[in-house]
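Quick notes on the structure that follows.
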Amino acid sequence: MRFLGYEVKTGMFSWLLHRITGVGITIFLFFHIWTQTQIYGGPEKFNAVMEFYKSPLIKISEILLMGAIIFHALNGLRIVIVDFAEGSRYHKKLFWGAMAATAVLFLVGTWIVVSRTMLH
Amino acid sequence: MAQNQASGNAGHFAWFYQRVTGVILIPLLFIHYKVNHFSISGGQGGFGADTYAEVAAKLADPFWKSFDILFVAFALYHGMNGLWIIAADYVHKENHRLLVYGTLWTLGLAAFIAALIVIVPFKYP
């Protein structure tokens, strides 16, 4: 597979995307904890924060975040299998299996979010 | 074998526990999403748009208090240890590495304390 003139190998692609999604999820985690601290502001303040989270831009970010988490979890599981269960013997199959499962879970999750929050 | 896979400069301890915590996080994450983001708000809103009443009721439940403490501890350790594994590939001077390591631990512990302050004493009338 070629991308922007580079020969992209699946191993390099997943290694890089694993790091990028990992950093992104960690930054998000700090924001998520901060949001929860707003519970001490009482019902009105907290619901105002939640109201802000209903905007379409936030919804799209949350869907992307969910995709990043699904990829990171399944690619991480692939890494563990390669490292501890002799997965290197069938690493190509493992990679495509993890990507297929990521795609399916991401589509199902996206459908649930979109159908509940945008289509009514 | 595992030894052959250990790469980078973060150390075998960081490498090994990144995998252990990662595997533990998968079921915790699934439950967190299912219960916190896909089931409340009466099936609408839910995802990131929960109400105070729903969040507060769950946050006051001892079972979910324990679950959340466990979840946030593993998630923060995995996140900060992951940042350390990345940083260790690029930062080589010993005192710089110590600075990065200390900063990551400080940030992680601060976030964990903030999370504990939210979770532990919270009461819902």
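The values are calculated or read from the model by the stated rules, or taken from the named source; none is laboratory data. Predicted, not measured: the structure shown is a model, and the values here were computed from it. Counting neighbours? That spans all protein chains shown, and the Cβs are built from the backbone with ideal geometry, glycine included.
Which one of A:Thr26, A:Thr35, A:Thr10 is more than 10 Å from chain B (Cβ to nearest Cβ) and touching a helix residue (DSSP H, G or I) at 6+ places or on another chain (Cβ under 7 Å)?
On the way: A:Thr26 fails: more than 10 Å from chain B (Cβ to nearest Cβ); A:Thr35 fails: more than 10 Å from chain B (Cβ to nearest Cβ).
Unique residue meeting the criteria: A:Thr10.
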Could you tell me which residue of the range A:62-84 is farthest from A:Thr21 (Cα to Cα), considering only residues that are more than 8 Å from chain B (Cβ to nearest Cβ) and among the small types (Gly, Ala, Ser)? A:Gly67
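Of all residues in the range B:71-125 being of a type outside the set (Phe, Trp, Tyr) and not in a helix (DSSP H, G or I), which is farthest from A:Thr21 (Cα to Cα)?
Of the range B:71-125, the ones of a type outside the set (Phe, Trp, Tyr) are B:72-73, B:75-76, B:78-83, B:85-89, B:91-100, B:102-104, B:106-111, B:113-121, B:123, B:125.
Subsequent filtering for residues that are not in a helix (DSSP H, G or I) retains B:91-93, B:120-121, B:123, B:125.
Values: B:Val91: 21, B:His92: 24, B:Lys93: 27, B:Val120: 30, B:Pro121: 33, B:Lys123: 35, B:Pro125: 39 Å.
This residue is B:Pro125.
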Top-ranked residue of the range B:77-91 - restricted to ones that are within 12 Å of another protein chain (Cβ to nearest Cβ) and without any contact (Cβ under 8 Å) to a residue 12 or more places away in the chain, ranked as nearest to B:Pro121 (Cα to Cα): B:Ile86
Only listed residue being charged (D, E, K, R), facing chain B (nearest Cβ under 10 Å), touching a residue at least 40 places away in the same chain (Cβ under 8 Å) and surrounded by fewer than 17 Cβ atoms within 10 Å (Cβ to Cβ), chosen from A:Lys59, A:Lys54, A:Lys45: A:Lys54
When you scan the range B:92-110, do you find a residue that is buried (at least 18 other Cβ atoms within 10 Å of the Cβ), modelled with pLDDT of 80 or more and facing chain A (nearest Cβ under 9 Å), even just one? no
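Among the residues in the range A:13-25, are any more than 22 Å from B:Trp84 (Cα to Cα), buried (at least 16 other Cβ atoms within 10 Å of the Cβ) and not acidic (Asp, Glu)?
Within the range A:13-25, not a single residue is more than 22 Å from B:Trp84 (Cα to Cα), buried (at least 16 other Cβ atoms within 10 Å of the Cβ) and not acidic (Asp, Glu).
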Residues (at pLDDT below 85 and small (Gly, Ala, Ser)) located in the range A:1-40: A:Gly5, A:Gly11
Kindly evaluate A:Phe106 against the criterion of being closer than 23 Å to B:Glu54 by Cα, without any contact (Cβ under 8 Å) to a residue 60 or more places away in the chain, hydrophobic (A, V, I, L, M, F, W, C) and assigned to a helix (DSSP H, G or I). no
Farther than 30 Å from A:Tyr40 by Cα, at pLDDT 95 or above and facing another protein chain (nearest Cβ under 9 Å) - does that describe any residue in the range B:60-76? no
The listed residue being assigned to a helix (DSSP H, G or I) and modelled with pLDDT of 90 or more, out of B:Tyr17, B:Tyr33: B:Tyr17
